[in-house]
Amino acid sequence: MSAGFHIVVCGSLVPDPLQTLEPIRGPQGPGLKNEMMLPAILDPWAGHALFEAANLAASGGKVWLLSMGPKAKLQQVMMSVAQKAPFELVVLDGPAGGFTDAHFTARALAEAIEGIAGLDRSRLLLFGGWQSASRGAGSTLQMVGERLGVLDQFQGVDEIRVQDDGAFVVKERVEGGGYLVSRCAGPPAVLGWATGNLPEPPNNPQLGMANMRLIMPALQRAEPVPAEPGGLSFASVELPKARRETRLVKDLPPAEVAADILAWIKS
Amino acid sequence: MYTLPTLPGDDVRQIMWRFAERFELQMVVQSARAVARGTVAKLVAEGVRNSHEWNDKKASLLTAFDHSGLSALFMDPAQGGFIEGPKNLALALVAFELAWVDGGSATCSLAGNLALAPIHEKGTPEQRDHYMSRCVPPQPGEDREMLRGAFALTEPLPYVGVDTGVLAGKVRVAEWTPGQEPLLKVEKRGRFITNMDFCNFATVAVDTADERIKTSCMVIVEQGDPGVFDRGAPTLKMVHQLSSTRDPVFNLTVPAGRIIGGYTVQDGVIVPNYSHAEIIGAVFHRTRIPVGLMTTAKLLSAVEPIIRYHRNRFRGGDAAQPGSPRFEQGLQQKEDALHRLLDLWAMGEAGASLGFTAARLADEFDPLEREKDRIFEERGVSGPRRQMAALAEVRDKVLEYARLMSCSEAGRDRARLAELESDPLVRYAHLDAVLNVLIPACKLWNTGAGATMMREAVSLVGGYGITEDCPGFFMHKWTDAQLEATYEGPEAVQRMHLSVTMTSEIFLEQFRLWAEGLEALAGSGFQGGALVLARAMRLWGLTMDHLQRAKDAEGKKLYHRKRQGVTFAMADAVCWLVSARLLIMDVLELAAKGPANPVVADSLEGILGFYTDLCQVQAARAAGEAGRICAELVYGYGDGTGLEEFAGLRARLDAALAGSRLAKDRAGQALAGVMIPEALDYPL
């Protein structure tokens, strides 16, 4: 039955987490120091969603990756992401930092989805990250679903199993390390993914070359998303209280890692 | 004063190395990087290099190469690859990415291509189709064994090298039934043969030991052929341990159809279409570029770990409290630490500029060479001597072409340039002259001078540098560089090659035009050392002219192939000069294209400021090296008289160093403020 799904994955870029991320206040509001120059990656949460989508669509169906971000940065990120799964890219040339307005983003994404040619909304699965590595508002995907009238929504998803009758079973993370298992009669639905169960696929340049035939034109024709007049503004932004300290430790047993983390939490 | 915001990222590199418009290459880079900083780095960190034997862990590299598309990179799409056209730049980028972490893994990746290169360059269409398509990993639904090759040229002492025309490996006729294809007996002992642990075929260089075979040739032998396919003992090398290297023994009977490039039978004698020397010449002409870039990658990969080490040097103890300069800046308070790192960085950049330019030009050269072959075949011009004579006929056109190319847009005769450009023989001869210097220069200088500079990198992190847990694997990289200086023709071979090619009339004229271009650039206000480099190039040209005319006290010519004290030194000097010039060219490209790139544009002023100063640092160093060499040769073999012109130019060269140390100070200041990632992106 998965042959029929039309899966739209919402996901954009975030700075490579190994980089030094130093918040600053710029003319356009808060941001990161040298943000444009920092290497970027696909938001890992969205990445899980994309890999799950590609897996689900492997026996049929189609995957779109809908990204809002600076298109020059998106192009760099696509050089890696395009090698990992077959998809068609839909680009919105707009902001992708940690200080964008979730309402503004959700509206832009929803409008873009409505404009995707060939998308059958009755077969739509809207995928995305449950959280984001940039700033986890945790609300954007829900709002996109609401705007599209998709009311079956699942968050913190780790697994989807499609049944013979077209229904699917979803496992959502809940408090205490447990799962809420739900049965949904069928699409349309929103699935905000946690980590899923799939590893990151290796790069496959052949696949990348096939994807890029559509990705490059999509990047070239991407229009800037107009800024929302009177949109979100930040009265103040504070540096994190706890400074990040990166330690590199080799060959530490898991038990010692756990003890170390526990000691840090207690401190 | 400018600020360098971050270390140069992919956007900057893609512009400088001219693949910003080639997304297939950008994807290959990402693919190779994922393997390098994932699989490869883990293997090195786990100590897998600490054995001569090939093992399962090392073999996981092959799987990673297969899965990431690197095994199929060398092939055309029709053979299962994914890049159309020449792949020199693609292979260079992959070697660079892999060697960023470990040179042996790059060798392992390249060695399969090297085995295929004789078939690719000179093989028959059937040989190409068969071997190249079967060296691609099986696709879903395909049930076949994947071929992996080894390139077997070098032999145990006293033969060993690639420069000798003498081979101990022999080929004889084993059986020749009239009307049937002859069977050949191939006997070869190899030394230092990469991929031997897992290859199932090898391309083997052998000389004729039978009057029924006219010349030496290269032959393909397979694991299942009748006879001995003994993989031999592991070579006890102490570097590049992630590549498989053994000393094999082959004693096999194969059909004559395995002679690479085919053969004809003339008067009862098998005449191979290509001798082993012709094939090797074609192969090494290109494959030396990635080897040169492997050492360059080590230098550039060392920059980030060294900065981090210097900044963190005093943190964690009582001697430096947070907020103090000692705590925040560490060793970067010291000018020496900054200046020495700049020297290393500048040399790495210049090596990359040289290597990637050579690779890019080799991509342009490949189709021209095929077109030249086609034209000569059509005209019945066969054999190297007749071809050289035919090319000599277009020499004047080539010189005119070079001069027109170097004119400004406004000043050139466009119609005439277009006319010359439309002649493939003109473009071939021009590019051939240039590449015949750039490629050996890349192999010689990037690895030789690079290995010495890698020692400096080890030194810059103190005792940490020689430990196994030094971030960036510096000790491995330093020692690996020594092998890279030897692979595919040691330094003496490259110097010998250069001592001939750098005296070609076309190259000398092009070199003069390059100097002229730099003078014009300096006149336009460019601050990146263009003037001092131009004067150094003029000095080199003047020295070459002098050496070719002058004789010593005994009346012997100074510039003579046996007088390597002269020729080899001039070869060393030319490498410094061309690499420094190409760095300037790449920075000019960044200046031209950077503003149109939204990622780079915001920070372009700072990036260009830094790179311009880096150019000046490297130009000053290159001019210093070249000036010293030229002075030693000109004064050292004479009595010091009649050299006023040389002395005057040398003095002007020295004067043009004005401001170069100030450029170093500025670059050092920028280096002290550059933002780097919190941690290295591959394991310790």
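Whenever you get a sec, compute what percent of the accessible area on the range B:36-171 sits on carbon and sulfur atoms (1.4 Å probe).
53 percent
Suppose all protein chains stay in the model; what accessible area per residue would a 1.4 Å probe give for the range A:145-205, in Å²? Could the numbers behind the result be given before it?
Details: 3030 Å² over 61 residues.
Accessible surface, normalised per residue, equals 50 Å².
When all protein chains stay in place, what accessible area (Å², nearest 10, 1.4 Å probe) is found for B:F314?
Rounded to the nearest 10, that gives 40 Å².
Could you please state, rounded to a whole Å, how far the C-alpha centre of the range B:482-521 is from the C-alpha centre of the range A:109-169?
Each part's Cα centre sits 60 Å from the other's.
Once neighbouring chains are kept in place and the probe is 1.4 Å, which whole percent of the accessible area of the range B:276-501 is contributed by carbon and sulfur? Don't skip to the answer; put the middle values down first.
Working: 4610 of 8900 Å².
Accessible surface attributable to carbon and sulfur in the range B:276-501 totals 52 percent.
Find the centroid of the Cα atoms in the range B:628-658 and in the range B:259-338, then give the distance between the two in whole Å.
For the range B:628-658 versus the range B:259-338, the Cα centre distance is 33 Å.
Return the FRET efficiency for the residue pair A:A258, B:R455: r is the Cβ-Cβ distance, R0 is 41 Å, and the value is rounded to the nearest 0.05.
On the way: r = 42 Å, r/R0 = 1.02.
With R0 = 41 Å, the Cβ-Cβ based efficiency is 0.45.
Using the Cα centre of the range B:10-134 as origin and beta-carbon charges of +1 (Lys, Arg) and -1 (Asp, Glu), tell me which of B:A20, B:N50, B:S133 is placed farthest towards the positive end of the dipole.
So the residue we want is B:N50.
What percentages, rounded to whole numbers, describe P(r) for the range B:10-134 computed over all alpha carbon pairs with 5 Å bin width beginning at zero?
In whole percents, the pair-distance histogram is 2, 10, 21, 22, 18, 14, 9, 4, 0.
Can you run phi through the Karplus equation (6.51, -1.76, 1.60; θ = phi - 60°) for the range B:472-478 and list ³J(HN,Hα) in whole Hz, with x for Gly and Pro?
Residue by residue, the range B:472-478 yields x, 6, 4, 4, 4, 5, 4 Hz.
How much area per residue is accessible in the range B:242-345 when the probe is 1.4 Å and only protein heavy atoms are counted (Å²)?
Values: 3570 Å² over 104 residues.
On a per-residue basis, the range B:242-345 sits at 34 Å².
Magnitude of the Cβ-charge dipole of the range B:1-111, K/R +1 and D/E -1, about the Cα centre, nearest 20 debye?
On the way: 10 positive and 12 negative charges, 49 e Å.
The dipole magnitude comes to about 240 debye.
Ignore the peptide's own chain and count Cβ atoms of other chains within 10 Å of each Cβ in A:205-218; give me the average, rounded. Show your work: numbers first, answer last.
Details: counts 16, 8, 3, 9, 9, 1, 1, 4, 1, 0, 1, 1, 0, 0.
Mean inter-chain Cβ contacts per residue within 10 Å come to 4.
Where does each of B:613-619, B:280-286 land if you order them by average Cβ count within 10 Å, highest first?
Numbers: B:613-619: 29.7, B:280-286: 21.1.
Result, highest mean Cβ count within 10 Å first: B:613-619, B:280-286.
So how strong a dipole does the range B:504-675 carry about its Cα centre when Lys and Arg Cβ are +1 and Asp and Glu Cβ are -1, to the nearest 20 debye? Display every interim value, and only then the final one.
Details: 19 positive and 20 negative charges, 91 e Å.
Around 440 debye, computed over the range B:504-675.
For A:L92, enumerate residues with amide H under 5 Å from its amide H, sequence gap 5+ or separate chain, H modeled in the peptide plane.
Amide H neighbours of A:L92: A:S67, A:M68, A:G69.
What's the average, rounded to a whole number, of partner chain beta-carbon atoms within 10 Å of each residue's beta-carbon in A:12-22? Before the final figure, lay out the partial values.
Working: counts 0, 0, 0, 1, 3, 4, 6, 7, 6, 2, 1.
The shielding value for this peptide is 3.
Ordering B:W445, B:W514 by accessible area with a probe of 1.4 Å, largest first, what comes out? Could the numbers behind the result be given before it?
Numbers: B:W445 10, B:W514 35 Å².
Putting B:W445, B:W514 in descending order of accessible area: B:W514, B:W445.
Nearest 0.05, what FRET efficiency do A:D16 and A:A117 give at R0 = 30 Å with Cβ-Cβ as r? Walk me through the numbers before you get to the answer.
Values: r = 33 Å, r/R0 = 1.11.
Step by step, r from the Cβ atoms, then E = 0.35.
When the accessible area of each residue in the range B:661-684 is compared between its chain alone and the complete protein assembly (1.4 Å probe; ligands, DNA and RNA ignored), which residues differ by at least 30 Å², being lower in the assembly?
Buried by 30 Å² or more upon assembly, which counts only protein chains, are B:M675, B:P677, B:E678, B:A679, B:L684.
How large is ³J(HN,Hα), in whole Hz, for each residue of the range B:523-536 in order, when computed from phi with the Karplus curve 6.51 cos²θ - 1.76 cosθ + 1.60 and θ = phi - 60°, using x for Gly and Pro?
Each residue of the range B:523-536 in turn: x, 7, x, 5, 9, x, x, 4, 5, 5, 5, 4, 5, 5 Hz.
Largest first, how would B:L344, A:L214 line up by accessible area (1.4 Å probe)?
Numbers: B:L344 0, A:L214 90 Å².
I get A:L214, B:L344, largest accessible area first.
Per residue of the range B:138-148, in order, report the coupling 6.51 cos²θ - 1.76 cosθ + 1.60 (Karplus, θ = phi - 60°) as ³J(HN,Hα) in whole Hz, putting x for Gly and Pro.
Result, ordered by residue: x, 8, x, x, 8, 10, 7, 7, 7, 7, 10 Hz.
I want the local charge near A:E111. Using Cβ-Cβ distances under 12 Å, sum +1 for each Lys or Arg and -1 for each Asp or Glu among the other residues. Don't skip to the answer; put the middle values down first.
Numbers: positive: A:R107, A:R147; negative: A:E114, A:E223.
After counting each charged neighbour, the total is 0.
If I compute solvent accessible area with a 1.4 Å probe over the protein chains, what percent of it on the range A:68-139 is carbon and sulfur? Could you put the intermediate results ahead of the total?
On the way: 1200 of 2450 Å².
Carbon and sulfur: 49 percent of the exposed surface of the range A:68-139.
For the pair B and A, how large is the buried accessible area, both sides, in square angstrom to the nearest 100, if the probe is 1.4 Å? Walk me through the intermediate numbers first.
Values: alone 27690 and 14800 Å², together 39550 Å².
Roughly 2900 Å².
How much accessible area does B:H546 have with a 1.4 Å probe, in Å² rounded to the nearest 10?
Approximately 50 Å² for this residue.
Taking only DSSP H segments of four or more residues, each worth -39500 (n - 2.57), what value at 222 nm results for chain B once the sum is divided by all its residues, to the nearest 500 deg cm²/dmol? Before the final figure, lay out each step's value.
Working: 24 runs with 383 residues, N = 684.
When only DSSP H runs of four or more count, the value is -18500 deg cm²/dmol.
If each of B:K237 and B:T124 carries a label point 7 Å out from its Cα toward its Cβ, how far apart are those two points in nm?
Rounded to a tenth, the inter-label distance reads 3.3 nm.
Could you please put B:R49, B:R360 in sequence from largest to smallest accessible area, using a 1.4 Å probe? Provide the component values of the computation, followed by the final result.
On the way: B:R49 10, B:R360 50 Å².
Ranking B:R49, B:R360 by accessible area, largest first, yields B:R360, B:R49.
Over what distance in Å are the Cα centres of the range B:176-251 and the range A:62-102 separated?
Spelled out, the Cα-based centre of one part sits 50 Å from the other.
Considering only the other residues whose Cβ falls under 12 Å of the Cβ of A:R221, what net charge follows from Lys and Arg at +1 and Asp and Glu at -1? Display every interim value, and only then the final one.
Numbers: positive: A:K71; negative: A:D93, A:E223.
In short, -1.
Got a number for the accessible area of B:Y464? Probe 1.4 Å, square angstrom, nearest 10.
Its accessible surface works out to 90 Å², give or take rounding.
Per residue of B:26-35, count partner chain C-beta atoms within 10 Å of its C-beta, then hand back the mean as an integer. Could the numbers behind the result be given before it?
Details: counts 8, 14, 6, 2, 11, 8, 2, 2, 6, 2.
Per-residue shielding by partner chains comes out at 6.
Counting Lys +1, Arg +1, Asp -1, Glu -1, what net charge surrounds B:A233 among other residues with beta carbon under 14 Å of its beta carbon?
Working: positive: B:R189, B:R191, B:R231, B:K237, B:R246; negative: B:E53, B:D197, B:D230, B:D247.
The answer is +1.
Identify the residues of the range B:621-648 with backbone N under 13 Å of a label point that sits 7 angstrom from the Cα of B:R661 along the Cα-to-Cβ direction, or state none.
Once the point is set 7 Å along Cα→Cβ of B:R661, nothing inside the range B:621-648 turns out to lie under 13 Å by backbone N.
Can you give the helix-only mean residue ellipticity at 222 nm for chain A, where every DSSP H stretch with n ≥ 4 adds -39500 (n - 2.57) and the sum goes over all residues, rounded to the nearest 500 deg cm²/dmol? Could the numbers behind the result be given before it?
Numbers: 6 runs with 75 residues, N = 267.
Only helices count here, giving -9000 deg cm²/dmol.
Along Cα→Cβ, 7 Å out, is where each label goes; now give me the distance between the ones at A:V174 and A:E88 in nm to one decimal.
For A:V174 paired with A:E88, the spin-label model returns 3.8 nm.
The values are calculated or read from the model by the stated rules, or taken from the named source; none is laboratory data. Fair warning: this is a prediction, and the values are worked out from it, not measured in the lab. As a convention, Cβ positions derive from the backbone with ideal geometry for all residues, glycine included, and neighbour counts pool all protein chains shown. All accessible areas refer to the heavy atoms of the entire protein, side chains included, with ligands and DNA or RNA removed. Shrake-Rupley method; radii C 1.70, N 1.55, O 1.52, S 1.80 Å.
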